[in-house]
Structures are given as C-alpha cells and as structure tokens.
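Visitor: Following this message is one structure expressed as structure tokens.
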C-alpha cells in the first residue's frame, strides 16, 4: 500500500519520512485487523504491509501476556526488535493502532527514532 496525505495515517507517514529521511520502512497499522492504513518502504526487500500483519500478532500476544501477568496498571509504550543491522520499533497509540518503523541501526540513533515516533503517535487517529 502506498499512502495519501489526504488522511491522517498518510500524513503521519509523510511526517515521519520528513523527520527520518533515511528510514527503511514505515507503516501506520490498525491493531484490530492487522491492515496497514498507510505505508512506505525505501527497500524493495521489505514490504511494510506484510510486516504489519505479522507485527499485529506481536502486539496482541504482548497484550495477552500482560493480561495473564495482571499488569493492569501498565500499558505498552513501544516494542523494540533489534536485528543485526536494523531496528524495528512498534509504537502503540491510544486508539488501537500502532506505527511500525524500520531503520538501519548504523544510520539512525534509537533515541532519535523513538522521539520521532513519540512526537507523531498522537496524530494517528
């Protein structure tokens, strides 16, 4: 899926691209369905729409684990997956959506990537 800046998800994707021009991929994802609402990839090897579906299961399983552990006073802020050359971040929003971001670990600082996602998470609705 591509994106259109005529909707909130598309605007968020464009804003993240503007803030992290060297990103590998980004998607705004509906947690209930696993569908990406807007996405972009700078790498032919990464399809953010496919990744959205699989990462939805990661989010749901973590939510189930938190329920099983009775962590009722906690909420997921983000989920970090580090690969040998990439950082994958899932930034959970308040409205059953998340932003999926892939950056090269050599080109992007984790703190900067997290801050960019935090600053745009409130715009996802």
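Visitor: Have a look at 27, 51 and point out the one that is touching a helix residue (DSSP H, G or I) at 6+ places or on another chain (Cβ under 7 Å) and either crowded, with 18+ Cβ neighbours inside 10 Å or over 24 Å from residue 105 (Cβ atoms) (or both). Walk me through how you get there before you give the answer.
Guide: On the way: 51 fails: touching a helix residue (DSSP H, G or I) at 6+ places or on another chain (Cβ under 7 Å).
Every option except 27 fails the conditions.
Visitor: Let me ask you something else. Within the stretch 1-24, can you find the residues that are crowded, with 21+ Cβ neighbours inside 10 Å, in contact with a helix residue (DSSP H, G or I) (Cβ under 8 Å, 6 or more places away or on another chain) and over 11 Å from residue 97 (Cβ atoms)? Give the steps one after another, and end with the answer.
Guide: First, the residues of the stretch 1-24 that are crowded, with 21+ Cβ neighbours inside 10 Å: 3, 9, 12-13, 16, 23-24.
After this cut, where a residue has to be in contact with a helix residue (DSSP H, G or I) (Cβ under 8 Å, 6 or more places away or on another chain) as well, the list is 3, 12, 16, 23.
Once the filter is applied, which keeps residues that are crowded, with 21+ Cβ neighbours inside 10 Å, in contact with a helix residue (DSSP H, G or I) (Cβ under 8 Å, 6 or more places away or on another chain) and over 11 Å from residue 97 (Cβ atoms), the stretch 1-24 yields 3, 16, 23.
Visitor: In this structure, is residue 99 at pLDDT 95 or above and more than 16 Å from residue 19 (Cα to Cα)?
Guide: Working: at pLDDT 95 or above: yes; more than 16 Å from residue 19 (Cα to Cα): no.
So residue 99 does not fit the description; no.
Visitor: Please determine whether any residue of the stretch 99-116 is touching a helix residue (DSSP H, G or I) at 6+ places or on another chain (Cβ under 8 Å) and in a helix (DSSP H, G or I).
Guide: Of the residues in the stretch 99-116, the ones touching a helix residue (DSSP H, G or I) at 6+ places or on another chain (Cβ under 8 Å) are 99-103, 116.
Those left that are additionally in a helix (DSSP H, G or I): 116.
Yes, some residue in the stretch 99-116 is touching a helix residue (DSSP H, G or I) at 6+ places or on another chain (Cβ under 8 Å) and in a helix (DSSP H, G or I).
Visitor: Being assigned to a helix (DSSP H, G or I) and in contact with a helix residue (DSSP H, G or I) (Cβ under 8 Å, 6 or more places away or on another chain): is that true of residue 40 here?
Guide: On the way: assigned to a helix (DSSP H, G or I): no; in contact with a helix residue (DSSP H, G or I) (Cβ under 8 Å, 6 or more places away or on another chain): yes.
Answer is no for this residue.
Visitor: Continuing with this model, one more query. Collect the residues in the stretch 12-53 that are more than 12 Å from the chain's Cα centre (by Cα) and closer than 12 Å to residue 90 by Cβ, keeping them in residue-number order.
Guide: none
Visitor: Residue check, residue 88 against (1) in contact with a strand residue (DSSP E or B) (Cβ under 7 Å, 6 or more places away or on another chain); (2) modelled with pLDDT of 95 or more; (3) more than 23 Å from residue 112 (Cβ to Cβ), all met but one. Which one?
Guide: Result: residue 88 passes all but (3).
Visitor: Could you count how many residues in the stretch 69-95 are assigned to a loop (DSSP other than H, G, I, E, B), in contact with a helix residue (DSSP H, G or I) (Cβ under 9 Å, 6 or more places away or on another chain) and surrounded by 10 or more Cβ atoms within 10 Å (Cβ to Cβ)?
Guide: Initially, the stretch 69-95 is screened for residues assigned to a loop (DSSP other than H, G, I, E, B), giving 69-77, 83-85, 93-95.
Filter once more, so that each one left must be in contact with a helix residue (DSSP H, G or I) (Cβ under 9 Å, 6 or more places away or on another chain): 71-72, 74-77, 93-94.
Checking the rest, the ones that are also surrounded by 10 or more Cβ atoms within 10 Å (Cβ to Cβ) come to 71, 75-77, 93-94.
So the count comes out to 6.
The values are calculated or read from the model by the stated rules, or taken from the named source; none is laboratory data. From a predicted model like this one, the values you see are computed outputs, not experimental measurements. Using ideal geometry, Cβ is built from the backbone for each residue, glycine included, and neighbour counts are taken over all protein chains shown.
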